Amino acid sequence: MRGVGKSFPGVRALSDVSLTLRAGEVLVLVGENGAGKSTLMKILAGAVQADEGEILIDGARVRIDSPQEAQRRGIGMIYQEFTLVPQLSPPANISLGHEPTKAGLIDSGAVEARAKQVLAELGAEVPFDVPVSRLSVGQQQLVEIAKALAMSARIIVMDEPSAALADREIEGLFAAVARLRAAGAGVIYISHRMEELSRIADRVMVMRDGRVVETRDARDFPVEEIIAAMVGRRLDAHFPPLPELRPDAPVRLDVSGLSRDDTVCDVSFSVRQGEIVGLAGLIGAGRTEIVRAVAGADVPERGEVRIDGEPVPAGRIGDAIAAGIAFITEDRKAQGLVLGMTVRENVTLAHLDEFVDRDLLVDLTRERAATQRMIGELQIKTPGTEQLVRNLSGGTQQKVVLAKWLLGNARVFLFDEPTRGIDVGAKTEIYKLMLELAARGAAIVMVSSELPEVLGMSHRILVVRNGRIAAEFSRAEASPDRIVAVATGAAA
Amino acid sequence: MKNGDRRAYWLRIAAAGAFVLVLVAVVDVASRGSFLEPSNIVRVLRQITYNCILGVGQTFVIVTAGIDLSVGSLVALTGVVAALFANAVHLSGFALIAATLIVAVAVGCAAGFVNAVPVVKLNLPPFITTLAMLEMAVGAAFILSHGRPVALQSADFQNTGIGSFMGGVTTALHLPNIPVPVVWMIAVIVGASVLLTRTRFGRYVFAIGGNEEAARLAGINVARVKTAVYMISGACAGIVGFLYMALFSSGSPQTATGDELLESIAAVVVGGTSLMGGRGSVIGTFFGALLIGVLYNAMNLLNVDSYLQKVLLGAVILLAVVLDELRKRYLSR
């Protein structure tokens, strides 16, 4: 790939990215969330079209304008979310869309033979007579790789393949990757796990902010230097100054021993009045799961949440809201808003009981007045209270979500990726708002995948890894290198 | 553009109104004026009463993105139970009518509750649970009635079933008599419309249909609201069961087990309520039922063959939803 560039509305996702992959090598692609790795791979797999640049395979220039075309060119993409049909058996999945036929009917003997052959190439053993939904995640992934091989893929891209696997299953994956390499395939392997690099990488390519920072042989690219290249030096001038925390500020939110499945493991922390605590970590580390459990959106198995010393009844969102918890979710379209409702209806949704007359009818006049007040306070750019939320921009929608939670008397605010996908101006406004809430004594927890945001907006930073709080840094101690080192498992 | 969507809403009402007006004009001319006679208009309203009330209950369910297939059988079951009850108790006059109505509505509510439990507890599709209820309710109606209509012993229900509302007044004003069931329909429409558009509950119904997860995270008790909508649908079936029982002076296990279910859904959908949830109105359902009723009436006046009537009705339903979809695409461009 040479000089590849790609822009999305408002964002330059990739600029002048070049990548070379040799036959029989494993190239590991690393970079922070949002560095452009996934976009680059989607371009290679035909799922996204590049604005500029070219792709050459075996020296010949090719145009890859659809996933089908990528498959024909021998490019196999293994996404984090599997593309298997859960009800079908492994052989049926491996041949899906390319079933060998005999007299117009599926030749099931040939289907099984092909599955056997490609799984043998991978050195994998998978039962044939069960639906893939019954297989372990690791086995499903091997089936996914086998599917790519069955389409005679010579270039195989794996997007964080080890993220969902147990240690034993990772060994199986590594063995499969080693066999692919030995068979002459080129493998691009996206990973966040530093400890894996030395095991499988021939070369390491680091991306940051849509550019290639450095590509080196894995042998002379120490982990510390990789992290330094990932993090880089950045300007973070757009953060408003964070006021000092009053030394005598009492604890407002206290979480102790919170556990749920294996996604939240014995998490304890507290947040004082006026304090902003940042939760850093990789995607999938369990940050969202922690705040969901605190908010009552998921029922924790063990542990307790207290606000100003009072225990919050576990597992009922209504109780958590009544106790003063506001949970601003990560995905505003799927979880935060009813897109087909108006600004007014969304803003009052969580506190509608305050707008009811004689316990019966909703008072539209008071609703409009309250919504109008929030529109003014947050400078929500909407033509009016009756505008459908669907028609607003991302940043404006996020402000509607905030307005919904500011309407009540919440004392604890849980922000999950509060500025994802919104423009810089709206970001700054949301930061100012967080500071204002803190100044009024609210306790704030902010989950963010953007390191500058965590560093610029937190009094304290907790790094989450594998559902646990792996490290805690004060504002003074925290640095991008230290956070990334803990988050990726390069340091304890 | 302060309120584009409300404007779109009125545009739809206006378009539907124009469509109905043209239809009315054509049919009236073709039937030599009998179509627009006041007595014929009242007849249409009377004919759509039952379908409209069922559709109103169905509207609540469909706005939450659910479906209630059991409403027709519940009409049969509640009618049979109400008739058995009325024959068994020693009451008369208003007390008998009120008690029988309460029984019919209670049976409908209970069935709606049973419909809802697997939906909210196990997340089963309402298509299945209400389909099961469809079978169970009609079976129970046959068992309870021994397969025959249960004749009412009391004549107290006559006015409810076939009487006129304030007959003295309408006669004095030279207006056609207003059938009591039509008054019931209007009361149900007004009550349901206020419930759906003006109360917290109604707001939550839309929120759940629009985005169930967002509704849950806003602290709404989704299970309770969903249970209530199936109970409302059951209650509406109970009212219709009661009205049919009063009309026929008997509760029959075969009442409303034909096209009634599908026509109630058709009224809702033609009335602009989205099967995907989150959008709809009770008034729309009334107009949907009215369109179907007007169509049947017109085809009868024009002596259209009754088999052909079915074909035409289906075609009109399809046309209505296709036009609505095209209108939406046009507006969203």
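No lab work stands behind these numbers, since they all come straight from the coordinates. None of these values were measured; they are calculated from a predicted model. Glycine also receives a Cβ, built like all others from the backbone with ideal geometry; neighbour counts cover every protein chain displayed.
Given a Förster distance of 22 angstrom, what is the FRET efficiency for residue B:29 paired with residue B:300, based on the Cβ-Cβ distance and rounded to 0.05?
0.85
Would you mind telling me the antiparallel percentage of the DSSP bridges in the protein assembly as shown, rounded to 5?
Counting DSSP beta bridges with both partners in the protein assembly as shown, the antiparallel share is about 55 percent.
Rounded to a whole number, what is D in µm²/s for segment A:140-210 from Stokes-Einstein with the Kirkwood radius over alpha-carbon pairs (10 °C, 1.306 mPa s)?
Estimated diffusion coefficient is 123 µm²/s.
Please report how far the C-alpha centroid of segment A:103-130 lies from that of segment B:272-314, rounded to the nearest whole angstrom.
One Cα centre to the other: 54 Å.
Work out the mean other chain Cβ neighbour count within 10 Å for the residues of A:331-342 and drop it here as an integer.
5
Could you size up the charge dipole of chain A around its Cα centre, putting +1 on the beta carbon of Lys and Arg and -1 on that of Asp and Glu, and report it in debye to the nearest 20?
Computed about the Cα centre, the dipole is about 880 debye.
Using amide H atoms built in the peptide plane, which far-off residues or other-chain residues are under 5 Å from residue A:157 H to H?
Residues meeting the amide H criterion: A:76, A:77, A:78, A:188.
First check a/c for segment B:245-319, with a ≥ b ≥ c the square roots of the eigenvalues of its C-alpha gyration tensor; if it is under 1.5, answer rounded, and if not, answer prolate when a/b is larger than b/c or oblate otherwise.
The shape class here is oblate.
Give the order of B:52, A:265 when sorted by the count of other beta carbons within 10 angstrom, beginning with the fewest.
A:265, B:52
Determine, for A:159, A:308, the number of other Cβ atoms within 10 Å of each Cβ, and report the residues in order from fewest to most.
With the fewest neighbours first, A:159, A:308 line up as A:308, A:159.
Dividing the alpha-carbon radius of gyration of chain A by 2.2 N^0.38 Å (N being the number of residues), what value is obtained?
1.08
State which entries of A:6/A:333; A:427/B:121; A:432/B:328; A:404/B:226; A:427/B:226; A:37/A:116 exceed 29 angstrom in Cα-Cα distance in the structure shown.
Over 29 Å Cα-Cα: A:427/B:121; A:432/B:328; A:427/B:226; A:37/A:116.
Mean-square fluctuation check for chain B, GNM, Cα pairs under 10 Å: which of B:264, B:73, B:154 is largest?
Maximum fluctuation in the GNM of chain B, among the listed residues, is at B:154.
As a test, work out the antiparallel percent of DSSP beta bridges whose residues both lie in segment A:251-487, rounded to the nearest 5.
55 percent
Charges on Cβ only, +1 for Lys and Arg, -1 for Asp and Glu, centred on the Cα centroid of the protein assembly as shown; of A:123, A:339, A:454, which one is farthest towards the dipole's positive end?
A:339
Of the candidates B:22, B:268, B:321, which one comes out as most mobile in a Gaussian network treatment of chain B with C-alpha springs shorter than 10 Å?
Evaluated over chain B, the most mobile residue of the options is B:22.
Could you give the nm distance between label points at residue A:468 and residue A:334, where each point is 7 Å from its Cα heading toward the beta carbon?
2.8 nm
Sorted from fewest to most neighbouring beta carbons within 10 Å, what does the list B:286, B:60 look like?
Taking fewest neighbouring Cβ atoms as first place, the list is B:286, B:60.
Quick check: Cα centre of segment B:202-224 to Cα centre of segment B:38-110, how many Å?
Answer, in whole Å: 28.
Only helices at least 20 Å long along their axis, Cα-based, and averaging 0.5 or more on Kyte-Doolittle count here, so list those DSSP H runs from chain B.
B:4-30, B:38-63, B:71-88, B:93-122, B:126-145, B:180-198, B:222-248, B:282-301, B:306-332
Just how large is the dipole of the protein assembly as shown about the Cα centre, in debye to the nearest 20, putting +1 at every Lys and Arg Cβ and -1 at every Asp and Glu Cβ?
Once rounded to the nearest 20, the dipole reads 1560 debye.
If I build a Gaussian network model for chain B, linking alpha-carbon pairs within less than 10 angstrom, which residue out of B:130, B:64, B:257 has the largest mean-square fluctuation?
Checking each option, the largest mean-square fluctuation is seen for B:257.
Report, in debye and to the nearest 20, how large the dipole of segment A:2-231 comes out about its Cα centre when Lys and Arg carry +1 and Asp and Glu carry -1 on their Cβ.
It works out to roughly 520 debye.
Just tell me how shielded A:357-364 is by partners: mean number of partner chain Cβ atoms within 10 Å of each residue's Cβ, no decimals.
Mean shielding by partner chains, rounded to a whole number: 3.
Over all distinct alpha-carbon pairs, what is the Kirkwood Rh of the protein assembly as shown in angstrom?
31.1 Å
Can you tell me, using C-alpha contacts under 8 Å and at least 6 residues apart, the relative contact order of chain A as a whole percent?
Relative contact order comes out at 15 percent.
Are there DSSP H segments in chain A that both extend 15 Å or more along their axis (alpha-carbon positions) and score a mean Kyte-Doolittle hydropathy of at least -0.5? List them, or say none.
For chain A, where a helix must reach 15 Å along its axis and average at least -0.5, the hits are A:108-122, A:137-150, A:167-182, A:394-406, A:424-439.
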